[in-house]
Amino acid sequence: MDHMKLLCDFGELSWSFNDSASIEAFLQKIVAMVADHMNAAVCSIYLYNENRRQLILRATKGLKLEAIDRVKLELGEGLTGLALKELRPVCEQRASEHPGFKAIPGIDEEKYDSFMAVPIVRGLSRIGVLTLQRETRRPFDENDVMAMRVIATQLANILEIAKLLMTLDVRQSVEAAAGEAEGLKFIKGKVASTGFGYGPATILDRDGALKYLSQKKHSMCTLEDFRNGLNETARQLTALQRRVEERLSDAASLIFTSHLLMLKDRTFVGAIEELIEDGLNPPEAIIQVATKYISIFSGSSNPYIREKSLDVEDLVARLIGNVTGDPEDAFTCRGRIVVARELFPSDLLTLSSEMAQGAILVSGGATSHLAFLARSLSIPMVIVEDRRLLNIPRKTPIILDAELGNVYVNPLRDIIEKFQRRNEARQAMAQRPRNLKPETYTRDGTLISLLANINLLTDLDVAKEAPCQGIGLYRTEFPFIIRANFPEEEEQYVVYRKLVEGMAGKVVTFRTLDIGGDKVLSYFPGAHENNPFLGMRSIRFTLRRKDLFVAQIRAMLRAGAGANLKIMFPMISSIEEFKTAREIVAECLSSLRSEGIDHNPRPGVGMMIEVPSVLDLLDDFAAEADFFSLGTNDLVQYLLAVDRTNEKVADLYTPHHPAVMRAIHKAAGAAIKAGKEISICGDMAQNERYIAFLIGAGIRVLSMDPAYIPEMQNVISSIDLTMAQKMSQEILSMNRAADIAAVLDRESAEARERSMRVEAAVSAGRVRRES
Ligand code: PEP
Ligand code: MG
């Protein structure tokens with residue numbers, strides 16, 4: 001079985017929505033495709049109804065079609081029910097001989113006794129079961145089970161929404177609330193992702209689009225306009241999905257799923273058509289029906305479904321825009337500054353695919369993964385507290401200065417001109433020849449290794465352009481966060497291999513899954529935690545879910561075959577924890593070896609220094625770990641007891657606190673003494689203010705967003721090691737953050753001047769050479 005082909009074909013899945021007449025027809029297409037891939041006579045999909053605790057046959061290839069919707073199994077009933085109850089695949093060569101077998105008469109399955117059932121789950125929720133049957137003489141093997149698990153993962157989110165739509169009970173309606181935003185001119189916010197944007201506003205607020213569209217007087221349209229609009233919307237969404245998957249192959253799996261499914265939902269479309277036939281103008285009919293759907297979606301207890309209510313609104317706006325032919329109705333984000341109360345990672349992918357100018361998050365408290373994602377997608381983003389921004393009229397011009405965190409609403413002409421001049425200067429700066437060198441040295445010739453932090457595969461393009469020595473931190477959680485389910489080993493392998501190949505022999509450091517805290521998986525809500533940053537996060541989570549950990553480490557070891565591979569554990573707080581994690585790597589190595597699967601036999605295994613408890617144990621850790629990396633974003637949070645995402649205490653989040661400075665110096669000293677590499681991969685590594693201190697404290701490896709590498713090379717080449725060491729000593733002798741800040745400011749002003757002189761000298765040399 002060719003797994004790669006299977007994965008690719010499933011990537012194509014969403015594109016085939018367009019040819020399906022309904023959700024039911026789409027499910028039939030899936031079973032036909034799976035049966036074909038797996039060489040099976042029968043493939044069926046059962047969906048689970050939690051309320052009735054019942055599995056219902058919803059699609060089949062190979063059994064009698066009359067059985068659809070008729071065959072119902074309790075949880076645990078028959079081998080299909082058993083697979084879902086115990087959340088494990090069931091595979092039997094002679095199913096009828098199994099004690100749990102249940103014969104279902106009249107569906108023609110007697111001759112296909114070789115049987116496999118794989119549960120379909122998303123996080124904690126049971127969605128259904130995928131079954132396959134063949135003749136007894138052709139049993140299923142381990143590879144088949146593995147392939148089916150991949151398929152089940154890929155199908156989980158699409159089937160969850162299909163299931164919801166197929167059982168919807170459309171009842172209540174919702175009313176939108178109004179608000180005012182008069183006199184709003186300037187708002188100061190916090191930068192989440194740097195850049196500039198200027199354009200008309202689109203308010204992405206739940207009920208916002210619907211409110212606007214329902215208050216607007218639409219011109220009269222016909223049923224035919226509605227049907228044409230429906231087809232055009234499906235075409236546009238399919239094209240968008242294709243574009244986003246091409247650009248973001250690691251993250252963007254089926255993000256327009258719920259939109260497309262609704263377009264194929266007979267109940268949804270039928271209800272609208274009925275209202276139109278009763279004389280309602282199509283835009284009004286669409287709004288009436290959609291309002292009910294949104295109210296049901298947003299009232300769901302499942303956070304993933306709640307997240308989807310924004311998709312319904314987005315779909316409705318697109319649909320009305322295509323029915324009326326008025327592009328204003330479509331609430332497009334192209335060229336817009338998007339103002340939102342809430343943004344999910346999938347929303348950022350949509351904004352990126354639609355080429356929005358920027359995003360403003362209103363009183364949202366951006367999680368760190370949202371900010372990292374915005375940076376990787378080059379979407380300027382600012383977080384503001386002023387809720388009035390949500391009430392500005394649509395298309396209000398906005399300047400977003402996400403360098404300083406400034407938002408100008410309805411800016412006056414002179415502000416626009418000033419902004420445009422600054423933007424031109426910024427672009428000219430970005431395009432100036434940088435005279436970059438392949439390696440980075442201080443002024444007196446000390447080698448400093450610059451590595452890249454990678455969130456999405458798209459960051460690789462920037463990293464390849466920059467003078468970087470490899471990848472110092474790959475945050476593996478992004479494919480987990482954006483996808484709708486835990487990716488299987490095989491899917492992870494595909495993404496990781498692309499990363500390794502992209503780096504062509506340079507070091508690649510994979511960090512194991514670092515979720516929890518503020519990096520949440522909507523499909524895996526877990527129990528609510530009062531202190532999520534002190535809770536079930538990161539290595540603590542993966543050590544409890546060994547199955548996920550093993551799948552990830554195997555994927556890393558396989559992807560790292562023939563490469564310079566490092567594996568790093570986040571949030572380590574004790575020797576036992578590190579040793580347990582390291583032993584799991586050893587187990588994975590030995591199982592890959594005995595299975596004869598190509599892999600990297602000797603990866604470097606290291607840890608992040610993020611939790612203060614390890615600081616005093618570094619000599620002991622040095623005997624266990626091959627390398628260290630300081631995660632200063634978390635280290636600052638834990639040392640100072642300041643939540644890194646809490647706006648109310650943002651002024652207390654001070655990386656230049658004497659305790660942080662001394663901790664970095666101490667860690668560097670311990671690693672150097674033990675002859676182990678130590679790097680910094682938190683944001684301090686890309687802030688010119690701290691570079692001289694870090695080098696003076698002994699750090700020689702810095703890992704950062706690749707976009708910062710050219711600038712940091714420039715900063716470093718103006719630093720003198722002896723001066724940096726002197727400055728570090730001065731700082732380490734201080735006990736007040738304010739005094740340290742003053743030294744850092746003084747030094748960085750001087751360094752900026754020196755680096756400008758270096759640049760000027762370089763350009764003068766160039767001019768002389770050219771003339
Ligand atoms: C850190 O904590 O500094 C780090 C690099 O990890 P993250 O920001 O992903 O938590
Ligand atoms: Mg961290």
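The values are calculated or read from the model by the stated rules, or taken from the named source; none is laboratory data. Keep in mind it's a predicted model, so treat the numbers as computed, not measured. Cβ sites come from the backbone with ideal geometry, for glycine too, and all protein chains shown count toward neighbours. Calculation scope for accessible area: heavy atoms of the full protein, side chains included, ligands and nucleic acids excluded. Shrake-Rupley method; radii C 1.70, N 1.55, O 1.52, S 1.80 Å.
Helix-only estimate, please: 222 nm mean residue ellipticity of the chain, summing -39500 (n - 2.57) across DSSP H runs of length 4 or more and dividing by its residues, to the nearest 500. Walk me through the numbers on the way to the answer.
Numbers: 27 runs with 350 residues, N = 771.
Helices in the chain give a 222 nm mean residue ellipticity of -14500 deg cm²/dmol.
Check which residues have an amide H placed less than 5 Å from Ala59's amide H, if you skip close sequence neighbours.
Close amide H contacts, sequence-distant or interchain: Ile45.
Residue by residue, what Karplus-based ³J(HN,Hα) values in Hz, rounded to whole numbers, does the range 334-350 have, using 6.51, -1.76 and 1.60 with θ = phi - 60° and x for Gly and Pro?
Once rounded to whole Hz, the list reads 4, x, 9, 9, 8, 10, 9, 7, 8, 9, 9, x, 5, 5, 5, 5, 5.
In Å, what Rg and Dmax follow from the Cα atoms of the range 32-89?
For the range 32-89, the Cα-based Rg and Dmax read 11.8, 35 Å.
In what sequence, largest accessible area first, do Arg122, Arg53 appear using a 1.4 Å probe? Each step should come with its number before you reach the end.
Working: Arg122 5, Arg53 135 Å².
Listed by decreasing accessible area, they come as Arg53, Arg122.
Restricting to the chain, compute how many DSSP beta bridges are antiparallel as a %, nearest 5. Don't skip to the answer; put the middle values down first.
Numbers: 46 of 86 bridges.
The answer is about 55 percent antiparallel.
Taking 23 Å as the cut-off for C-alpha to C-alpha distance, list the pairs among Lys85/Lys308; Lys85/Lys292; Lys188/Lys648; Lys190/Lys666; Lys64/Lys308 that go past it.
Lys85/Lys308; Lys85/Lys292; Lys190/Lys666; Lys64/Lys308
How far is helix 413-431 tilted, in degrees, relative to the longest principal axis of the Cα atoms in the chain, given as a value from 0 to 90 rounded to the nearest 10?
Its long axis makes an angle of about 80 degrees.
Please report, largest first and rounded to whole Å, the three semi-axes of the ellipsoid equivalent to the range 515-646, where each semi-axis is the square root of five times an eigenvalue of the C-alpha gyration tensor.
Equivalent-ellipsoid dimensions as semi-axes: 27, 19, 12 Å.
What is the set of long-range amide H partners of Ala192 at a cut-off below 5 Å, with H atoms built 1.01 Å from backbone N?
Met381, Val382, Ile383
Compute, for the chain, the length of the dipole vector about the Cα centre, with Cβ point charges of +1 (Lys, Arg) and -1 (Asp, Glu) only. Units Debye, rounded to 20.
1280 debye
Report the net charge of residues surrounding Gly199, where surrounding means a beta-carbon distance below 10 angstrom and charges are Lys +1, Arg +1, Asp -1, Glu -1. Don't skip to the end; give the middle numbers.
On the way: positive: Arg334, Arg336, Lys395; negative: none.
So the environment of Gly199 carries a net charge of +3.
Using a 1.4 angstrom probe on the protein heavy atoms only, could you order Ser346, Ser703 from most to least accessible area?
From most accessible down to least: Ser346, Ser703.
³J(HN,Hα) across the range 278-286 via Karplus (A = 6.51, B = -1.76, C = 1.60, θ = phi - 60°), whole Hz, x for Gly/Pro?
Each residue of the range 278-286 in turn: 7, x, 7, 5, x, x, 5, 5, 4 Hz.
Given a 1.4 Å probe and heavy atoms of the protein chains only, how would you sort Ile320, Ile104, largest accessible area at the top?
Output order, biggest surface exposure first: Ile104, Ile320.
Considering only C-alpha atoms, what is the centroid distance from the range 620-639 to the range 641-719, in Å?
The distance from the Cα centre of the range 620-639 to that of the range 641-719 comes to 12 Å.
May I ask which residue of Gly516, Ala340, Thr632 lies farthest towards the positive end of the charge dipole of the chain, with charges of +1 (Lys, Arg) and -1 (Asp, Glu) on Cβ and the Cα centre as origin?
In the chain, that residue is Thr632.
Using modelled backbone amide H atoms (1.01 Å from N, in-plane), which distant-in-sequence or interchain residues come within less than 5 Å of Phe186's amide H?
Amide H to amide H, under 5 Å and 5 or more residues apart or across chains, Phe186 pairs with Val409.
Given Met704, Ala667, Thr722, which one lies farthest toward the positive end of the charge dipole of the range 645-751, if we put +1 on the Cβ of every Lys and Arg and -1 on the Cβ of every Asp and Glu?
Farthest along the dipole direction, towards plus: Ala667.
Considering the range 309-352, what Rg and Dmax in Å follow from its alpha-carbon atoms?
10.8, 30
Apply the Karplus curve 6.51 cos²θ - 1.76 cosθ + 1.60, θ = phi - 60°, to the phi angles in the range 499-504 and return the couplings in whole Hz, x for Gly and Pro.
Each residue of the range 499-504 in turn: 5, 4, 5, x, 8, 6 Hz.
Report the equivalent ellipsoid semi-axes for the chain in whole Å, largest first, defined as the square roots of five times the eigenvalues of the gyration tensor built from alpha carbon atoms.
47, 36, 22
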